[in-house]
Amino acid sequence: MRYIRVFFKTFIICLAFLFSCCQLYAQEQLQELQKSYYNLSLGSKERFLLTGKYAQALYFANEKALASQLLNDNIQLAKNYPDKQYYAYLNCIAAMNSYNDRLFEKSRFYLEHAKSVLPIINDNGIKAYIHYCDGWIMTRQNKEDQAVSQFHKAITFLEKAPQTDANIARKLAVYKELTAIYANQRNYEFQEKYTNLLLKTAKAGQNTNSLFDAYMQAGYLFEEEYRSN
């Protein structure tokens, strides 16, 4: 009994240490993004792109008001920028953040603004991201069939887009959503199809976290198949 108590005490200490390390790393990343953000020119395309990462980092660090203000300020600037892809991109992030906060009307407002410029955007990666965002929200509204349609449109555009880190990350996000939908429907054939695509794409990229996540999804698939038969 004493050994069990010692084990659990050690385990809890290790968890606390790991949590502290993760918090420290996240804070360092946030500070680095902040520094990079303010070193870029106001209203530049480079700053618009970094705004998305910085706003997401702020949001998940529970600095939601600051993240929202950052997005809104840059959305207004991007609205007057000739290339509307940045306007759409930032509206998509604002739409998903708002939906997470259960601000559904606000989320729809941002999403509609992102979709409004879809016909005049040339960048296939951003076109895909708009469809991904639409599908992401539909999934959480229990509109899985409509979401699947949007995710397939996203994949079509991503296949035409340059295979940059950003577009690979978008493809991984789409495959992950499709895997989750088919897992929920217990459609193991399609779950396996998109799990394999998720794993193949993650292996081709350079992101260790994505690869870890893909292997976890594959493990979950085999566990579910085992449980069903």
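So what is the calculated 222 nm ellipticity per residue for the chain, using -39500 (n - 2.57) for each DSSP H run with n of 4 or more, over all residues, to the nearest 500 deg cm²/dmol?
It lands at -28500 deg cm²/dmol.
To the nearest 20 debye, what charge dipole does the chain have about its Cα centre, counting +1 at the Cβ of each Lys and Arg and -1 at the Cβ of each Asp and Glu?
Using only the charged Cβ atoms, the result is roughly 240 debye.
Only Cα pairs under 8 Å and at least 6 apart count here; give the relative contact order of the chain as a rounded whole percent.
Computed value for the chain: 10 percent relative contact order.
Return the subset of 79/193; 106/143; 84/143; 45/176; 35/84; 35/193 for which the Cα-Cα distance in this structure is over 31 Å, preserving the input order.
As for pairs spanning more than 31 Å Cα to Cα, those are 79/193; 35/193.
Leaving ligands, DNA and RNA out of it, rank 198, 118 by accessible area with a 1.4 Å probe, largest first.
Greatest to least solvent exposure: 118, 198.
Under the Karplus relation 6.51 cos²θ - 1.76 cosθ + 1.60, θ = phi - 60°, what is the ordered set of whole-Hz ³J(HN,Hα) values for segment 101-106, x standing for Gly and Pro?
Listing the rounded values in order: 8, 6, 9, 5, 5, 5 Hz.
With only alpha-carbon atoms counted, please give the Rg and Dmax of segment 60-190, in Å.
That works out to 14.8, 46 Å for Rg and Dmax.
In what sequence, largest accessible area first, do 113, 131 appear using a 1.4 Å probe?
113, 131
Which percent of Cα pairs goes in each bin when the distances of the chain are cut into 5 angstrom slices starting at zero?
The percentages, shortest bin first, are 1, 6, 12, 14, 17, 16, 14, 9, 5, 3, 2, 1, 0, 0.
Exactly which chymotrypsin sites (Phe, Trp or Tyr not before Pro) in segment 60-154 are in a DSSP loop and have at most 13 other Cβ atoms within 10 Å?
Answer in residue order: no site qualifies.
Give me the distance between the Cα centres of segment 152-229 and segment 64-78, rounded to whole Å.
After rounding, the separation between the Cα centres reads 31 Å.
Out of the total accessible area of the chain (probe 1.4 Å, heavy atoms of protein only), what percent is carbon and sulfur?
Looking at the chain in its full context, I get 56 percent from C and S.
The values are calculated or read from the model by the stated rules, or taken from the named source; none is laboratory data. Computed from a prediction, not measured in an experiment: that's the story for all the values here. A quick note on method: Cβ atoms are made from the backbone with ideal geometry, for glycine too, and the neighbour counts reach across all protein chains shown. All accessible areas refer to the heavy atoms of the entire protein, side chains included, with ligands and DNA or RNA removed. Shrake-Rupley method; radii C 1.70, N 1.55, O 1.52, S 1.80 Å.
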